[in-house]
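Heads up, the thing below is written out as structure tokens.
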Amino acid sequence: MGTCLRQRGPNLIFKAKQLQRLQLIPCISCSQLQSSTPRDTYPKIYAPKKINRSPTALLEALEESVGYECRSYGKFSIDDPACYHRQFMKAEMMLSTASGRKAARMMMSMYPEVFEGTPAHVPVEPPTKVFDPIVTKESEDDLEEAIKEQIEQRDVEKVLALCHKIVPEGKTMSGQTLEHLIHFLSFYCLRDHTATEPEEIELLDKFKSEKYLPLDNILNDLFLFEAEKPPAVYNSFIRQYLNSAELKKPRECLKFYETMKNTKTPLERKTYHYILSHAPTLFVSLQEPYKAVHQVLNDMKKAGYHPTVETYNMALLGLKSQRFDSNNSECLDYGLKLIADMKDVGIEPTLDTLSILTSLLDMSVFGKGTSSGVMRVMNLMMDEIEGKRFKDVGPQGRKFIIRALKIALFHQDLDFAYRIDAFYKTGQNYKLLTDHDHYSYRVIMFVLAVYKEPSLSKVVNLYTALQPVDEIRFVNVFRKFIKDLTVTKSYKFIPQLLNSFHAASFNLAEITAFLAKEKQPQLVQVKLAEFVKVKLSELEEKRNVRPKMELLENMLMIAMNGENIELAWKVFSFIITNRKNMYGAEVSMIQPFEGLLDYYISADDLGKCAEIMKFLVKEVPQGVAESLGEKIFTSIPMNELEREQLQRIMKRATIKKRRSNPYLARY
């Protein structure tokens, strides 16, 4: 008799499990595991150790893999449309934030005892009275005191308003107040060229305040006050002339410089640097620009100042500021001599120094070609900077990559362009380029590769690396690229190129001509049909657009190659509706229209055939239209009324075409 499972107890379950284990056949890995481990034991499983990562570790990893800085300050100006401000207000706020961080680091280095951290390691901020309300004194006798107070408040508008009051009235001003006022106006109203942080440089390029730039008249009137002028006032006054975008009064500036030299008024190092950058403009009497730079350098050494990196950079900028005509080779030779002098003194050239020297080489008057002297100098320059890391790169250094790449484009040197590309992708060097320079960089690499790269796959990779905003508008370059793809029958690249073609709005005629050249596999034709649908919808949405007839013919051919009759009829309907607004002469490609007509002939759709013939008899020669009409008459059964109507359509259109186009005899 059988017993229930509860009466048998757990012993029965144990025996059943034991019997099941005996029936199993162990695999090789299990037998090895049993032999390596003691009996009745199993290998221990440990949880993976936790890796401590920073909150921005994922962003940093993305930056290294993508090659683009995701957290750059410059990207914040376009990321949030809800935070848009009028004109440059947002750029100004971002610039003030960057400058505040820079000032905080400087203050912490100068006064570390004030910023001793709390137990929570939070820096203690010293008390400040910047935001305390101060009442401006409106009395005429206290205008100087009011100017001092507004300078402390950093209110540029009120300071300028007070200056407009004090200058016409001929009020006197002490030398100390005059010095503070000129320093204040020179600092707050003119652009600062001493920035070294990438985000600060990019913001300065975007934020160009023109509200306070015309200050020459105010500063001239202030300088004419009968007050004791310390040397700092003279230095500030000269620098305000040279710091403007264009040197409008070189004679007055040179007169002040000569006066200070004759009266033995000490010039500051910064003033010498400003004069160096404009030396050829100031010393017009010297025929050679490099002689003016050489003279200012000697004056600076006689004054007791030893040259620094900034000194040589400003001297090279002075050579760059001249128009290069007959003396360009002498300026370049002197620039190379300055680089050699730097190395002899023990000063290592920075990326800003090499970038300024590169700008001297970017001239069409020098020899052209990969073996020219310019390219030899550039290759030697790349030998020095490869593998190095440059800190505190200034605005000139951030232009080095794009300047070198333009030289490679001018001399058609693809190998040097690849060296620049390797330097660009090393470390964090991609941060040296602004958004617009990124566009120029990618386009120049593609243009060079189209003409010089023998491997078509590399050219395709450079084209697919372009962003949607980097669309090629150089029609000749793009035509050569498409022609190379067509001649070599490189249709295997179509799936790789389609994503870039989807973002294209220019050169669509060349793109569709390549895609419609031959029939592709079924899966590729499906993707091409989707491409045609997208472009056709874009043309339908855009008003007052005059597309090319060639573009619509190619789109119709792509639809017919994929046997997508519905899409082909949509393209044909668009052609009929917008024929008057299209660029181009008569139909140049009869194959897609003939294929569409053959389909509707086989389907016995006389109405669609009549619509196609109404269009073709106006666009193709008379003999071609008659042959197509004869095909309809012989293939589709029709009664006398339908035959008479079709003949009337063809006859009327042909007579109208003869009358409107007297040059039809050329067919």
State whether one or more residues within region 327-339 are open to solvent by 40 Å² or more (accessible area, probe 1.4 Å), out of contact with any Leu (no Cβ under 9 Å at 6 or more places or on another chain) and under 30 Å from Asp435 (Cβ atoms).
no
Pull up region 636-656, narrow it to residues that are in a helix (DSSP H, G or I), within 60 Å of the chain's Cα centre (by Cα) and surrounded by 13 or more Cβ atoms within 10 Å (Cβ to Cβ), then point me to the one that is modelled with the highest pLDDT.
Leu646
Select from region 253-304 the residues that are of a type in the set (Gly, Ala, Ser) and more than 19 Å from Leu360 (Cα to Cα) and list them in ascending order.
Ser285, Ala303, Gly304
List, please: which pairs have Cβ atoms under 7 Å, are six or more places apart or on different chains, and start with a residue in region 149-173 that is surrounded by 13 or more Cβ atoms within 10 Å (Cβ to Cβ) and end with one that is among the charged types (D, E, K, R) and at pLDDT 70 or above?
Gln150/Lys158; Met173/Glu144
Mind checking which pairs have a first residue in region 338-350 that is over 15 Å from Met314 (Cα atoms) and a second that is exposed (fewer than 11 other Cβ atoms within 10 Å of the Cβ), Cβ under 9 Å, 6 or more apart or different chains?
Val345/His306
So which of Lys517, Lys489, Lys483 ends up being at pLDDT 90 or above, closer than 16 Å to Asn554 by Cα and not in a helix (DSSP H, G or I)?
Lys517
Could you go through region 552-575 and let me know if any residue there is within 36 Å of the chain's Cα centre (by Cα) and open to solvent by 20 Å² or more (accessible area, probe 1.4 Å).
no
Please enumerate the residues belonging to region 475-506 that are more than 25 Å from Glu563 (Cα to Cα) and open to solvent by less than 20 Å² (accessible area, probe 1.4 Å).
Val477, Phe478, Phe481
So Asp413 fits all but one of (1) at pLDDT below 90; (2) touching a Ser or Thr at 6+ places or on another chain (Cβ under 7 Å); (3) not hydrophobic (A, V, I, L, M, F, W, C); what number is the exception?
(1)
Leading residue by the ranking (modelled with the highest pLDDT) among those in region 244-277 that are of a type in the set (S, T, N, Q) and under 19 Å from Leu178 (Cα atoms):
Thr271
Please find, within region 583-622, the residue that is nearest to the chain's Cα centre (by Cα) out of those that are of a type in the set (Phe, Trp, Tyr) and farther than 16 Å from Met555 by Cβ.
Tyr599
Hey, among Lys406, Lys343, Lys388, which residue is in a helix (DSSP H, G or I), over 30 Å from Pro454 (Cα atoms), open to solvent by 10 Å² or more (accessible area, probe 1.4 Å) and among the basic types (Lys, Arg)?
Lys343
Taking only pairs six or more apart or across chains, which ones have beta-carbon atoms under 9 Å, a first residue in region 462-487 that is more than 14 Å from Leu448 (Cα to Cα), and a second residue that is open to solvent by 50 Å² or more (accessible area, probe 1.4 Å) and not in a helix (DSSP H, G or I)?
Glu471/Ser505; Glu471/Phe506; Arg473/Phe506; Val475/Phe506; Thr486/Lys517
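The values are calculated or read from the model by the stated rules, or taken from the named source; none is laboratory data. Small disclaimer: the values here were computed from a predicted structure and weren't measured. Counting neighbours? That spans all protein chains shown, and the Cβs are built from the backbone with ideal geometry, glycine included. The protein model used for the area step is the full one, side chains on, heavy atoms only, and it has no ligands, DNA or RNA in it. Shrake-Rupley method; radii C 1.70, N 1.55, O 1.52, S 1.80 Å.
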